[in-house]
Each structure stands twice: as structure tokens, then as C-alpha cells.
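Report on the following structure.
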Amino acid sequence: MDVYFSADIETDGPIPGPYSMLAFGIAIAGTFDGKRFRRPVERQTFYRELRPISTQFQAEALRINGLDRSRLMCDGAEPATAMREAAEWITSVAGAGEPVLVAYPLSFDWTWLYWYFMNFLEVSPFNHSRCLDIKTAYAVKAHVPIAGAGRAKLPKNLLPAAPHTHNALDDALEQAEIFARIFEWDGQ
């Protein structure tokens, strides 16, 4: 059984290593046994704000996410600790199922999370490729090109009520709702 985890991250730049992941949120998005998709029975989430790993940052990235690097230098979780706790939480929630990361779009969030898991733990709870791009899932079901599959192009019936806030946990929950609606949607 696939156990889907919606994730969103906030950073201070475009790539991991030279720049830092400052926050990440993960929310259970549902399960699929090959026949039936099930939404989560209860809201289960994980959130951490991290201590930056480098001195480089882009002011524009910080303006968008509103995170304070100076505060995080003092109060942010150690990345190794945060990634270990996240992996333990994901494994616990997934139980006998296989954890699958979902995001909208996946490429940015996956790159950061996978890099952080591998750099700080040397293993990822999502293995090297258990992931699903919500944007691609929408494009396939809606019969539109990827360029036409941005969030702004989603039909109203697939949009969640909550706004996109650039808080990693809020946005992970928002994406979990979009993912469930797309999974259940017949494409009409």
C-alpha cells in the first residue's frame, strides 16, 4: 500500500548545500492499495524550522517565506535531528505501507528533502524515488500540457478553501487536499 505524504519546504535560496532549507511541513495525504484511495482518518502532521547550514542566502527568498534567519540561527532545530525525527515520524505513520512523497510541484521540494535526508541521515524514508508530482497527475487527468497545469489553472472544484500562505505546514496541508481531490477526480 502507498502512504502519501504531502510536503512543502521553505528555503533561503534555489539549491541545497550552498543555501539552506529553513522549514518543512509534512501532512498525511491518503493511502492507495491499488484499488481504492482513502483520505486520512485523522490529520497527522510534522513541522520543523531548521538552523541554516550556510551563510549564503537570497533576500527575495526570505521576503517570500517571511522566515527570520537570525532567529533560526539561534532557535532552529539542528538539521540532523530534524531529519531523523521526520524519518521516524514518516516510518511510524506509514506502518506496513510504503511512504510516497507528493508535492506541487514535486521537483523543488523533493530535491531539498532528499538532499537533506541523504546529507544528514544517509537514508531517505522515501528511498531514492518514491514520489509523485501532483502537477503531473493533474496534467494527465485534465489532458493538459504541463505548462497548463499550474495551480492558477486548477478548476475551482480541485482547490482547497485554505489560502497558500508560504508556511510550510499550511502549504503541505493545502497540497494534501489538492492531491486527494485530484486522485478522486474523474477528470471531467
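General remarks:
- Tallying residues that are of a type in the set (S, T, N, Q) and either in contact (Cβ under 8 Å) with a residue 60 or more places away in the chain or within 22 Å of Arg130 (Cβ to Cβ) (or both) within segment 6-61 yields 5.
- Checked against the criterion of being β-branched (Val, Ile, Thr), buried (at least 17 other Cβ atoms within 10 Å of the Cβ) and closer than 25 Å to Arg38 by Cβ, segment 134-157 contains one or more residues that satisfy it.
- When Ala152, Ala137 are screened for being out of contact with any Lys or Arg (no Cβ under 6 Å at 6 or more places or on another chain), modelled with pLDDT under 95 and not in a loop (DSSP other than H, G, I, E, B), only Ala152 passes.
- Candidate set: segment 103-123, residues that are within 14 Å of the chain's Cα centre (by Cα) and outside any helix (DSSP H, G or I); chosen: the one nearest to Pro79 (Cα to Cα): Ala103
- Here Phe46 does not fit the description of being in contact with a helix residue (DSSP H, G or I) (Cβ under 6 Å, 6 or more places away or on another chain) and over 16 Å from Ala172 (Cβ atoms).
- Matching residues, segment 28-53, being of a type in the set (Ser, Thr, Tyr) and surrounded by fewer than 12 Cβ atoms within 10 Å (Cβ to Cβ): none
- Segment 1-32, residues that are closer than 12 Å to Ala61 by Cβ, part of a strand (DSSP E or B) and not charged (D, E, K, R): Ile9, Thr11, Tyr19, Met21, Leu22, Ala23
The values are calculated or read from the model by the stated rules, or taken from the named source; none is laboratory data. Here the structure is a predicted model, which is why all the values come from computation and not from measurement. Using ideal geometry, Cβ is built from the backbone for each residue, glycine included, and neighbour counts are taken over all protein chains shown.
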